[in-house]
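Colleague: Shown below is the structure under consideration.
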Amino acid sequence: MASDLEFRTVPAASGDAADMLAAMVAEMRDLYDGLDLEAPGMPKAGPAELGPPDGVYLVGYRDGAPVCGGGLKRLPDGTCEIKRMYVVPQARRSGLARALLAALEDAARRLGYRIVRLDTGERQPHAIALYEAAGYRRVGNFNNNPAAAFHGEKRLD
């Protein structure tokens, strides 16, 4: 259940956040036949982007153990982008991704953002379904991500 989650802001370069980011990057490499999320031409989403003053990285904890994580970064037009959402495999299909998405949207509001964007690839239909169910509407390729098949945007009220 997602109701027993505690979200904490964690520096993306260390500890549980770095572990979540590394696991997400490794999973995408496997899922997308060697895709390197850190390669030139890919949207940047490292510790510098996912930290203060314009970004954040959240880790969700259940019973003291990290079970999910994701970050926000500022885009050049003043909107923000959700990046590197990840739920540990043993905790999937329990509502954690939806809770993480809501926590990231709340963090975006606290940082003063009114529009949030995100993207995902075609091999993640569950993510596309989640984003559409959460109110993200399809938009153009705002971040020039060559690996993304879905680009979404949502107004935060």
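Colleague: Once the Cα gyration tensor of the chain is diagonalised, what are the square roots of 5 times its eigenvalues, in whole Å and ordered largest first, as equivalent ellipsoid semi-axes?
Modeller: Calculated on Cα positions only, the semi-axes equal 20, 18, 16 Å.
Colleague: At 1.4 Å probe size, with the rest of the protein present, what percent of the exposed accessible area of region 112-157 is carbon and sulfur atoms? Don't jump to the answer; show the numbers that get you there.
Modeller: On the way: 1080 of 2400 Å².
Roughly 45 percent, rounded to a whole number.
Colleague: Sticking with this one: Could you check the spin-label model distance between His126 and Gln90? Points 7 Å from the Cα along Cα→Cβ, value in nm.
Modeller: 1.6 nm
Colleague: Using a 1.4 angstrom probe on the protein heavy atoms only, line up Arg8, Arg62 by accessible area, largest first.
Modeller: Values: Arg8 95, Arg62 45 Å².
In descending accessible area the options line up as Arg8, Arg62.
Colleague: Specify the residue with the greatest mean-square fluctuation among Asp36, Asp19, Asp63, computed from a Gaussian network of the chain linking alpha-carbon atoms under 10 Å apart.
Modeller: Asp63
Colleague: Using a 1.4 Å probe on the protein heavy atoms only, what accessible surface does His126 show? Give it in Å² to the nearest 10.
Modeller: Taking all protein chains as shown, His126 has close to 110 Å².
Colleague: Based solely on its DSSP helices, what 222 nm [θ] is calculated for the chain when runs of n ≥ 4 H residues each add -39,500 (n - 2.57) and the sum is averaged over all residues, nearest 500 deg cm²/dmol?
Modeller: Working: 3 runs with 41 residues, N = 157.
Mean residue ellipticity, 222 nm, calculated: -8500 deg cm²/dmol.
Colleague: Okay, moving on. If you average the alpha carbon positions of region 8-39 and of region 106-145, how far apart do those two centres end up, in angstrom?
Modeller: Cα centroid to Cα centroid, the span is 18 Å.
Colleague: Over region 48-145, give the accessible area per residue in Å² for a 1.4 Å probe, as an integer. Show your work: numbers first, answer last.
Modeller: Details: 4500 Å² over 98 residues.
Heavy-atom SASA per residue in region 48-145 reads 46 Å².
Colleague: Right, another one. Taking R0 as 25 Å, what FRET efficiency do you get between Arg8 and Arg74 from their Cβ-Cβ distance, rounded to the nearest 0.05? Before the final figure, lay out each step's value.
Modeller: Numbers: r = 21 Å, r/R0 = 0.84.
My answer for the efficiency is 0.75.
Colleague: If you line up the Cα atoms of region 45-119 on their principal axes, what length do they span on each, largest first, in Å?
Modeller: The Cα atoms of region 45-119 stretch 37, 21, 20 Å along the principal axes, largest first.
Colleague: If packing is taken as the average number of other Cβ atoms within 10 Å across a peptide's residues, how do 128-137, 93-102 rank, most packed first? It would help to have the intermediate numbers written out before the result.
Modeller: On the way: 128-137: 15.4, 93-102: 17.8.
Ranked from most to least packed, the peptides come out as 93-102, 128-137.
Colleague: Now for a different question. Note down the net charge around Val87, summing +1 for each Lys or Arg and -1 for each Asp or Glu among other residues with Cβ under 12 Å from its Cβ. Before the final figure, lay out the partial values.
Modeller: Numbers: positive: Arg62, Arg84, Arg92, Arg93, Arg98; negative: Glu27.
Here the count lands on +4.
Colleague: Span-like helices, the chain: DSSP H, alpha-carbon axial extent 18 Å or more, mean Kyte-Doolittle 0.0 or greater, which ones?
Modeller: Details: long enough: 15-31 (24 Å, 0.45); 96-110 (21 Å, 0.37).
Result, helices passing both filters: 15-31, 96-110.
Colleague: Same structure again: Suppose every Lys and Arg Cβ carries +1 and every Asp and Glu Cβ carries -1, with no other charges. What dipole size does region 50-157 come out with about its Cα centre, to the nearest 20 debye? Mind showing how you got there, number by number?
Modeller: Values: 17 positive and 11 negative charges, 21 e Å.
Computed charge dipole of region 50-157: roughly 100 debye.
Colleague: Among the aspartates and glutamates, which fall within straight-line cross-link reach of Lys154, defined as a Cα-Cα distance under 14 Å, with same-chain neighbours fewer than 8 residues apart omitted?
Modeller: Within reach: Glu81, Glu105, Asp106, Asp119, Glu132.
The values are calculated or read from the model by the stated rules, or taken from the named source; none is laboratory data. Treat the numbers as computed from the prediction; the structure is a model and nothing was measured. FYI the Cβ positions are ideal-geometry reconstructions off the backbone, even for glycines, and counts take in every protein chain you see. Side chains included, ligands, DNA and RNA excluded: accessible areas come from the protein's heavy atoms. Shrake-Rupley method; radii C 1.70, N 1.55, O 1.52, S 1.80 Å.
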